[in-house]
Amino acid sequence: MKKISVIVPCYNEEESLPSFYKEMQNVMEKMKENDFEIMFINDGSKDKTIEILRDFANNDSRVRFISFSRNFGKEAAILAGLQNVTGDYVTLMDADLQDPPAKLIEMYEILQKENLDIVGLKTNNHKNYGFMRKFLTFCYYKIIGLLSSVPMSPNERDYRLMTRQVVDAILKLTEYNRYSKGLFNFVGFDTLWLTYDAPNRAHGKTKFNFSKLFSYAIDGIVGFSTRPLLISSFVGMLFCLIALIMIIVIITKTVIWGDPVSGWPSLACIIIFVSGIELFFLGVMGEYLAKIYLETKHRPIYIVKETEKDQK
Ligand code: UDP
Ligand code: MG
């Protein structure tokens, strides 16, 4: 009997959890030939999430949970799940039912039949996200596509079913700065993508605000590309070249026509422009430096406060 582990990161999901669990029960009912383990990760929720999870675990031995001491983010929750589940197959699902549990049945069948390592889901409709988020996401994936050699797509959801071998490979990537989309694609393996229409969030609001998404985006770029550093060198060289040409032009003009003092406004513009570029690339370098600093500290990625074993 093969065991399937379901990892569910939860941050303030008290409204979604009951319907999510109900859907999962239906799926487990239909997949009787499999053992199940549902691993909820309570990522420092401030609502009643932990009480609901304790209750699930008390009544159902297939339910497990890990509760963090504070909000460490979805990436940390995914890592905690992957490190602690015991299944032969592992899947990740959001608690808000945007990753419909019922899809698992189809994913498992295909994984078995086609002898694949990963079956993932892609969606083309992001209708539930606002125009600005859709636009920025589109631009971001265009940029990261140019910068990184690891392929990434805005349509790939984190919802995927993987074999134990894939999970072990991901766990070998021990970096502090974790960006799952990149990590999953970095390890490779035979992957099949199914396309589906992602439903709207069942209850509540998105748990990602602009600043969370922005720092997640920077993590992705810094974690999976060093090209921004190369670009800064190129821009530096380009500006040196332009300066050289300008020097030659000015010397020639002065020698031939003399030296009337003029053009200070354009000079001011050039100084401001060049210092802007300099500061920007200093910032880019600073981002990489900051990431190295964080990596060398070897701080834990998450801290566990409670698990289902602490019950009773
Ligand atoms: N989540 C989490 N920690 C966070 C933010 C989100 O564990 O700091 C979980 C959240 O509870 C949900 C999943 O990550 O199960 C995806 O979050 P959400 O649906 O809000 O993201 P969106 O669909 O808007 O990208
Ligand atoms: Mg969602």
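The values are calculated or read from the model by the stated rules, or taken from the named source; none is laboratory data. Just so it is clear, the structure is predicted and the values come from calculations on it, not from any experiment. Cβ sites come from the backbone with ideal geometry, for glycine too, and all protein chains shown count toward neighbours.
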Exactly one of Ser149, Ser153 is out of contact with any strand residue (DSSP E or B) (no Cβ under 6 Å at 6 or more places or on another chain), of a type outside the set (Lys, Arg), in contact (Cβ under 8 Å) with a residue 24 or more places away in the chain and away from ligand 1 (no atom under 16 Å from the Cβ), and that one is Ser149
Flagged in the stretch 9-37 as assigned to a strand (DSSP E or B) and within 13 Å of ligand 1 (Cβ to nearest atom), in numbering order, are Pro9, Cys10
| task | For the stretch 153-170, state whether one or more residues are more than 27 Å from Lys113 (Cα to Cα) and loosely packed, with under 13 Cβ neighbours inside 10 Å. | result | no
Of the residues in the stretch 206-232 that are away from ligand 2 (no atom under 16 Å from the Cβ) and polar (S, T, N, Q), the one that is farthest from the chain's Cα centre (by Cα) is Ser232
From the option list Asp168, Asp197, single residue qualifying as out of contact with any helix residue (DSSP H, G or I) (no Cβ under 8 Å at 6 or more places or on another chain), away from ligand 2 (no atom under 16 Å from the Cβ) and of a type in the set (Asp, Glu) is Asp168
Apart from one, (1) among the β-branched types (Val, Ile, Thr); (2) under 15 Å from the mean Cα position of the chain (by Cα); (3) within 16 Å of ligand 2 (Cβ to nearest atom) all hold for Thr123; the odd one out is (2)
Determine whether Leu104 is within 13 Å of ligand 1 (Cβ to nearest atom), out of contact with any Leu (no Cβ under 6 Å at 6 or more places or on another chain) and under 25 Å from Pro18 (Cα atoms).
no
Scanning the stretch 96-118 residue by residue, those under 18 Å from the mean Cα position of the chain (by Cα) and more than 16 Å from ligand 2 (Cβ to nearest atom) turn out to be Ile118
Checked Val249, Val255 against criteria (over 21 Å from Glu287 (Cβ atoms), loosely packed, with under 10 Cβ neighbours inside 10 Å and modelled with pLDDT of 85 or more); the one match is Val255
Taking the stretch 167-197 and keeping residues among the β-branched types (Val, Ile, Thr) and either over 21 Å from Val85 (Cβ atoms) or assigned to a loop (DSSP other than H, G, I, E, B) (or both) leaves Thr174, Thr195
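Residue-wise test of (1) at pLDDT 90 or above; (2) farther than 30 Å from Phe224 by Cβ; (3) not in a loop (DSSP other than H, G, I, E, B); (4) not basic (Lys, Arg).
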{"residue": "Phe239", "(1), (2), (3), (4)": "no, no, yes, yes"}
{"residue": "Ile245", "(1), (2), (3), (4)": "no, yes, yes, yes"}
{"residue": "Pro260", "(1), (2), (3), (4)": "no, yes, no, yes"}
{"residue": "Glu306", "(1), (2), (3), (4)": "yes, yes, yes, yes"}
{"residue": "Lys309", "(1), (2), (3), (4)": "no, yes, yes, no"}
Counting only residues that are near ligand 1 (Cβ under 9 Å from one of its atoms) and under 14 Å from the mean Cα position of the chain (by Cα), the stretch 59-95 contains a total of 9
Taking Ser180 as the residue in question, decide whether it is within 14 Å of ligand 1 (Cβ to nearest atom), within 19 Å of Ser153 (Cβ to Cβ) and polar (S, T, N, Q). yes
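Yes/no matrix, rows are residues, columns are (1) surrounded by fewer than 19 Cβ atoms within 10 Å (Cβ to Cβ); (2) out of contact with any helix residue (DSSP H, G or I) (no Cβ under 7 Å at 6 or more places or on another chain):
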residue: Glu37; (1), (2): yes, yes
residue: Ile41; (1), (2): no, no
residue: Leu53; (1), (2): no, yes
residue: Asn58; (1), (2): yes, yes
residue: Arg70; (1), (2): yes, yes
residue: Gly73; (1), (2): no, yes
residue: Val85; (1), (2): no, yes
residue: Val90; (1), (2): no, no
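Okay, residues lined up against (1) part of a helix (DSSP H, G or I); (2) within 18 Å of Val304 (Cα to Cα); (3) among the hydroxyl-bearing types (Ser, Thr, Tyr):
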residue	(1), (2), (3)
Arg64	no, yes, no
Arg70	no, yes, no
Gly87	no, no, no
Ala95	no, no, no
Pro101	no, no, no
Met107	yes, no, no
Gln112	yes, no, no
Apart from one, (1) within 16 Å of ligand 2 (Cβ to nearest atom); (2) in contact (Cβ under 8 Å) with a residue 12 or more places away in the chain; (3) exposed (fewer than 14 other Cβ atoms within 10 Å of the Cβ) all hold for His203; the odd one out is (3)
Within the stretch 5-20, residues being crowded, with 21+ Cβ neighbours inside 10 Å and either of a type in the set (Gly, Ala, Ser) or more than 23 Å from the chain's Cα centre (by Cα) (or both) number 2
